[in-house]
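Take a look at the structure below.
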Amino acid sequence: MFGNKKQSLPPRPNFPNPEHILEDLSNASADDVAFKVMNEDNIQTENVYILTDHNNSEDIYKKVKIYLNVKEQLKQLEIILKREQEQLEKDNEEIRALADSIRKQAQAALIT
């Protein structure tokens with residue numbers, strides 16, 4: 001009666017490349033949602049700044065300081081991610097080499 005109606009979902013979009021992400025971050029404003037995710041200390045201080053007058057130069061200075069700190073943290077995280085990606089690629093190559101070696105040993109054992 002109801003039948004099997006298979007709902008096909010559209011394919012997931014491709015992940016943006018690092019250059020596109022960095023471009024988006026450099027063009028983002030200080031109150032962008034990307035900068036809302038911080039550690040607990042920064043979240044508490046940020047909420048204090050949101051409640052203050054936006055025209056106050058001291059508040060603006062604090063927001064810019066937070067923005068610059070987050071931008072620096074992102075640069076450091078980028079370096080860490082690149083280092084970890086290189087390590088993963090190196091480990092992947094080693095695993096493939098080990099797998100090939102094991103495969104060759106298994107084939108040699110079967111032949112003899």
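For the range 52-112, the pair-distance distribution built from all alpha carbon pairs, in bins 10 Å wide starting at 0, is 19, 20, 16, 14, 12, 9, 7, 4, 1 percent. Taking Cβ atoms as reference points and 13 Å as the exclusive limit, the residues near residue 102 contribute a net charge of +1, counting Lys and Arg as +1 and Asp and Glu as -1. Distance from the Cα centre of the range 74-112 to that of the range 6-26, in angstrom? Centre-to-centre (Cα) distance: 27 Å.
Extending 7 Å from the Cα toward the beta-carbon at both residue 56 and residue 87 defines two label points whose distance is 4.3 nm.
Coordinate-derived values only; no laboratory data. Since this is a predicted model, take the numbers as computed values, not measurements. Positions of Cβ are backbone-derived with ideal geometry, glycine not excepted, and every protein chain shown enters the neighbour counts.
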